[in-house]
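Undergrad: One structure is given below, represented as structure tokens, and several questions about it will come after.
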């Protein structure tokens, strides 16, 4: 079988899984290698789980931000065409007026 990705490439401890050890020394040596491989895979799994939780939290923040921006960009309800326009207040300067005080 040809490997399709990096996770399917056999490492040294995985290569030895095809045949049984010939002597007690080989069995003990293989057991130690497999214990190390199991510990490495457990650490890798814990790192993946932590990364998955972190990415999930970041994704939730992005979704919340997208929803907020989409609500902001939605046009406000337009007033009815026959509605009376507010009368300008004499005490409020126009938007283009600049007040200078010396």
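Here, each number is a calculation from the coordinates, and none is a lab measurement. Worth saying up front: this structure is predicted, and the values here are computed from it rather than measured. Every residue, glycine among them, receives a Cβ derived from its backbone with ideal geometry; neighbour counts consider all protein chains shown.
Undergrad: Any idea how far apart residue 25 and residue 56 come out in nm if each label point goes 7 Å out from Cα toward Cβ?
TA: Result: 4.9 nm between the two label points.
Undergrad: R0 = 35 Å: FRET efficiency of residue 4 with residue 69, Cβ-based, nearest 0.05?
TA: Approximately 0.35, to the nearest 0.05.
Undergrad: With 10 angstrom as the radius, rank 72, 44 by how many other C-beta atoms surround their C-beta, starting from the fewest.
TA: In increasing order of surrounding Cβ atoms, one gets 72, 44.
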